Amino acid sequence: MSDRLILGVDEGTTGVKAVLFDERLRPVREARRDKVQRYPQPGWVEQDGEEVLTAVVEAIAELLADAPGEVVACGLDHQGESVLAWDAETGAPLSPVVVWQDKRSQEVLDRMADQESEIQALSGLPFDPYFSAAKLAWLLEHSEDVQKARDDGRLRMGTVDSFLCDRLGAGFATDASTASRTQLHTLGTPGFDPSLCKRFGIPLDVLPEVRDTVGDLGTLHHDSWPVELSLCGRAVDQQAALAGAGCVVPGRVKATYGTGVFILGHVGDEIPRPAGGLLPTVAWSIGGHVEYAIDGGVFTAGAVLEWLSRELGLADDPAALSRLAREADDSGGVRLLPALAGAGAPWWKPDARLVLAGVHGGTTRAQVARATLEGIAWRVADVVTAIRETIDVDTLRVDGGLTNEPLMLQLQADTIGVAVEAGGADATVAGAAAFAAVGAGILESLLEAAELLPVDRRVEPERDAAWRDAERARWRAFVEAAVELR
């Protein structure tokens, strides 16, 4: 094994994973730190910025303490649309991390309803509290600490990557893929759009510089680390997963199963205009050359397994709940709409809630568990159906914790009618490492990186088209009864 190593860091929603890879993108060792999510009010989801920073620092420190070689490059991915404010002079957070699932900024969007069509035309994104802009506006309107820092000229605001990089010495910056998720960026233009910032009341000078996804992005350092780290890749977690799943050429589609499920399809270097409730987004920017993707998010997946286990006691943990689902041959008529954080693509209904229906006296825990996996599979199928208006989906690359469950893979293949393929590595953190390897010149391109990340599992659909059409109609009828879609 080469003694040159690449560090990938995945700052995800519920935890931080750091992995050392060799030059062939084979994982060598890893470390993980969990994070605490807090729910101070209905619809609010927060994290502590200092706790997030500590989790990242400690996970990296664990690996660097006995790294079996020289760490020559680092790549960082992060939880997308989540934001916070902090003091430019001290680095201290002035707000909690307002997580992407948080709905408090709906009031901002309601007030701006007359501008929705113009903002969507510029940003490509629908009005939903999922995106960063309204969250930032809410903080500026409601936090006295944020307001005072703005008035004193010491306010910084941004996504979690910009906070981490600022605190760890790489500078106050983010990348193009992240900017495209904020609703403050117009595709095809550099940086943040002044007109969008003005509409949301966000001063341009409090936002980070927007840079390429790969390259010489600065140096990360901390007193607990034995060495400094060259930051050579930085991106949103789902764009990292797109690269880590090998979807680096037009027509390839991936789904990452974590807290939610996020489905992205690579569409090349022309700005997409997707139909069917999907989002256009920057995939990455390399040497000033931007590639794009279309995106559809299912906001609840692993989160519902955690909730059913923790709050309702259906199983000891999500993995046990997945195993329990195998004990049922079918769901016994039970349906579950996974919507703890609203319904994302393709309907964009932020006020939707989880619905469990069809339960009777004879319903078993195993049937509820199976209905949960079926609900997740059908929600992904909803998005894949929309993607098919733009891309001919012949396979779906999948990754994330839920893909370790064989039943989940089979249900997914059956509901979308094509094979699902899974690789051997965590695609998100592998994508962060792939960005770093390209940025450091270890690999020539993301295509070369994709060739190093082979598929090791392929699951074919077992159900025919007639079954799929009938079950899709039943699922659609259930969803329309559960959520007002018109």
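Numbers below:
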read-out	value
Of residues in the range 368-401 being among the charged types (D, E, K, R) and part of a loop (DSSP other than H, G, I, E, B), the one nearest to the chain's Cα centre (by Cα)	R388
Hits in the range 216-246 - residues which are part of a loop (DSSP other than H, G, I, E, B) and buried (at least 24 other Cβ atoms within 10 Å of the Cβ)	L217, A245, G246
L164 being hydrophobic (A, V, I, L, M, F, W, C), in contact with a helix residue (DSSP H, G or I) (Cβ under 8 Å, 6 or more places away or on another chain) and open to solvent by less than 10 Å² (accessible area, probe 1.4 Å)	yes
Residue satisfying condition, being over 27 Å from L340 (Cα atoms) and in contact (Cβ under 8 Å) with a residue 12 or more places away in the chain, within set D394, D414, D426, D399	D394
Filtered residue count, the range 87-122, keeping only those that are under 22 Å from the mean Cα position of the chain (by Cα) and free of Cβ contacts under 8 Å to residues at least 12 places away in the same chain	1
Looking only at the range 1-50, and only at residues there that are of a type in the set (G, A, S) and part of a loop (DSSP other than H, G, I, E, B), the one that is nearest to F163 (Cα to Cα)	G12
Tally of residues being surrounded by fewer than 11 Cβ atoms within 10 Å (Cβ to Cβ) and in a helix (DSSP H, G or I) across the range 475-486	0
Among the candidates L453, L447, residue that is closer than 30 Å to V290 by Cα, surrounded by fewer than 16 Cβ atoms within 10 Å (Cβ to Cβ) and hydrophobic (A, V, I, L, M, F, W, C)	L447
Selection status of T213, of a type in the set (S, T, N, Q), over 20 Å from L84 (Cβ atoms) and under 17 Å from the mean Cα position of the chain (by Cα)	yes
The listed residue being closer than 15 Å to Q47 by Cβ and in contact with a helix residue (DSSP H, G or I) (Cβ under 7 Å, 6 or more places away or on another chain), out of L94, L122, L76	L94
Leading residue by the ranking (least open to solvent (accessible area, probe 1.4 Å)) among those in the range 192-207 that are assigned to a helix (DSSP H, G or I) and among the charged types (D, E, K, R)	R199
Lone qualifier among G423, G441 - being among the small types (G, A, S) and within 23 Å of the chain's Cα centre (by Cα)	G423
Residue among W307, W284 that is open to solvent by less than 20 Å² (accessible area, probe 1.4 Å) and either within 25 Å of L452 (Cα to Cα) or out of contact with any Lys or Arg (no Cβ under 9 Å at 6 or more places or on another chain) (or both)	W284
Test: residue in the range 328-341 that is open to solvent by 70 Å² or more (accessible area, probe 1.4 Å), part of a loop (DSSP other than H, G, I, E, B) and either touching a helix residue (DSSP H, G or I) at 6+ places or on another chain (Cβ under 9 Å) or under 21 Å from A482 (Cα atoms) (or both)	yes
Subset of the range 82-120 [aromatic (F, W, Y) and either open to solvent by 40 Å² or more (accessible area, probe 1.4 Å) or more than 16 Å from F172 (Cα to Cα) (or both)]	W100
Search result, residues across the range 132-145 that are under 16 Å from A92 (Cα atoms) and surrounded by 23 or more Cβ atoms within 10 Å (Cβ to Cβ)	L139
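Residue-by-condition table, conditions (1) closer than 30 Å to G441 by Cβ; (2) open to solvent by 20 Å² or more (accessible area, probe 1.4 Å); (3) of a type in the set (F, W, Y); (4) under 19 Å from the mean Cα position of the chain (by Cα):
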{"residue": "A303", "(1), (2), (3), (4)": "no, yes, no, yes"}
{"residue": "R326", "(1), (2), (3), (4)": "no, yes, no, no"}
{"residue": "W347", "(1), (2), (3), (4)": "no, yes, yes, yes"}
{"residue": "G358", "(1), (2), (3), (4)": "no, yes, no, no"}
{"residue": "A366", "(1), (2), (3), (4)": "no, no, no, no"}
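The values are calculated or read from the model by the stated rules, or taken from the named source; none is laboratory data. Note that the coordinates shown come from a computational prediction; the quantities given were computed from them, not determined experimentally. Neighbour counts are summed over all protein chains in view; Cβ atoms, including those assigned to glycine, are modelled from backbone coordinates with ideal geometry. Note: accessible area is taken over every heavy atom of the protein model, side chains too, but ligands, DNA and RNA are not part of it. Shrake-Rupley method; radii C 1.70, N 1.55, O 1.52, S 1.80 Å.
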